[in-house]
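Reviewing the structure listed below.
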Amino acid sequence: MFSPYYSAARQRGAGDPLAHCALNVALYGAGGKRWAMTERSGRSLQRSPARLGIGPSALSWDGSVLTVEIDEVTAPFRSPLRGTVRVHPAALPGRSFALDAAGRHVWTPIAPCARVEVALDRPALRWDGPAYFDANAGSEPLEAGFRNWDWSRAGLRRGTAVLYDAVRRDGSTRLLALRFDPDGRVESFEPPPPVRLPGTAWRVARGTRADAGQGASVVETLEDTPFYARSLLRTHLLGERATAMHESLSLDRFRTRWVQAMLPFRIPRAKDE
């Protein structure tokens with residue numbers, strides 16, 4: 001949905017989403033940050049009920065485990081990123097949530113409580129731990145429906161808490177505060193008070209919500225781009241201290257020409273396609 005090539009194609013009236021597909025991999029750690037998101041045409045796309053192939057990479061589902069086979073090249077500095085990621089859902093809640101009044105944008109927390117096994121060959125890394133898996137889908141461009149949003153998910157002693165705080169294009173808001181248990185139960189909770197976080201180096205505004213009197217703080221900014229920030233937070237939710245993965249997205253900034261001109265540096269398109 002952030003493809004500059006897809007955006008340009010839509011403006012020409014030829015926006016086929018299947019002609020603009022990519023596997024995005026972001027890796028953070030002591031060895032630095034690695035990012036891969038090479039866009040490919042529909043000729044590199046293979047789909048079946050249990051498998052999605054995008055170029056040399058693929059995702060497959062056997063009914064209990066999602067296996068991601070990664071064979072990508074990082075950008076803007078080219079280096080191989082290869083290995084396997086296996087996601088083991090604790091449960092599949094089977095719930096979806098409309099983010100806009102017309103239902104054009106839908107968020108599905110597929111496996112909000114899960115376990116992941118990571119086995120990379122390039123670079124050579126192995127680990128396992130808690131995981132989260134969701135999906136967004138829409139029948140119109142994201143920037144047509146929203147101005148901006150803040151989203152976060154925090155692992156609790158039992159389950160996962162998710163906050164969605166979106167400002168729609170018409171100025172109305174959509175606020176979700178949900179708790180997911182490992183057995184698949186989903187329940188809403190009273191959204192805690194808002195907490196303002198420091199803006200990024202690109203002046204992207206950030207905010208979250210935390211238990212009254214507790215607050216939240218940024219531990220590390222993992223991605224700092226002109227329209228998007230991914231951050232690690234220290235927060236307090238549902239009476240627990242927690243670490244949260246957080247994102248702030250400015251669609252007003254994303255739709256500007258200068259941002260669109262910068263995106264190909266991080267999202268190259270395969271030359272043979």
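Some points to look at:
- Filter pass, GLY155 being buried (at least 19 other Cβ atoms within 10 Å of the Cβ), touching a residue at least 60 places away in the same chain (Cβ under 8 Å) and at negative phi: yes
- Members of region 8-61 that are among the hydrophobic types (A, V, I, L, M, F, W, C), more than 20 Å from TYR228 (Cβ to Cβ) and at pLDDT below 95: ALA9, ALA14, LEU18, ALA19, ALA30
- Across region 8-30, the number of residues qualifying as surrounded by 15 or more Cβ atoms within 10 Å (Cβ to Cβ) and either closer than 22 Å to ILE70 by Cβ or touching a helix residue (DSSP H, G or I) at 6+ places or on another chain (Cβ under 6 Å) (or both) comes to 8.
- Of the numbered criteria (1) touching an Asp or Glu at 6+ places or on another chain (Cβ under 9 Å); (2) surrounded by fewer than 19 Cβ atoms within 10 Å (Cβ to Cβ); (3) part of a strand (DSSP E or B); (4) aliphatic (A, V, I, L, M), the one ALA201 fails is (3).
- Cβ-Cβ distances below 6 Å connect the following pairs, each with a first residue in region 114-127 that is without any contact (Cβ under 8 Å) to a residue 60 or more places away in the chain, a second residue that is buried (at least 16 other Cβ atoms within 10 Å of the Cβ) and of a type in the set (Val, Ile, Thr), and a separation of six or more residues or different chains: ALA114/VAL87; VAL116/VAL87; VAL118/VAL85; TRP127/VAL118.
- Across region 31-75, the qualifying residues are those that are under 16 Å from ARG122 (Cα atoms) and touching a helix residue (DSSP H, G or I) at 6+ places or on another chain (Cβ under 9 Å), and the one among them that is surrounded by the fewest Cβ atoms within 10 Å (Cβ to Cβ) is PRO56.
- Elements of type strands (runs of 3 or more DSSP E) in region 205-270, at least 1 residues being under 19 Å from ALA166 (Cα atoms) and of a type in the set (Lys, Arg): 206-209, 228-237
- ASP165 buried (at least 20 other Cβ atoms within 10 Å of the Cβ) and touching a residue at least 40 places away in the same chain (Cβ under 8 Å): yes
- Residue within region 175-194 that is in contact (Cβ under 8 Å) with a residue 60 or more places away in the chain, crowded, with 19+ Cβ neighbours inside 10 Å and under 21 Å from ASP100 (Cα atoms) present: yes
- Taken over region 6-44, the residue count meeting the criterion of being in a loop (DSSP other than H, G, I, E, B), touching a residue at least 24 places away in the same chain (Cβ under 8 Å), under 22 Å from LYS271 (Cα atoms) and over 17 Å from the mean Cα position of the chain (by Cα) is 2.
- Meets criteria (in contact with an Asp or Glu (Cβ under 6 Å, 6 or more places away or on another chain) and either closer than 21 Å to LEU232 by Cβ or modelled with pLDDT of 95 or more (or both)) for LEU175: yes
- Of all residues in region 60-108, those being outside any loop (DSSP other than H, G, I, E, B), farther than 16 Å from TYR132 by Cβ and either of a type in the set (A, V, I, L, M) or touching a residue at least 60 places away in the same chain (Cβ under 8 Å) (or both) number 5.
- Unmet criterion (only one of (1) modelled with pLDDT of 95 or more; (2) within 17 Å of the chain's Cα centre (by Cα); (3) not charged (D, E, K, R)) for GLY145: (2)
The values are calculated or read from the model by the stated rules, or taken from the named source; none is laboratory data. Keep in mind that what you see is a predicted model, and the values were worked out from it rather than measured. Glycine also receives a Cβ, built like all others from the backbone with ideal geometry; neighbour counts cover every protein chain displayed.
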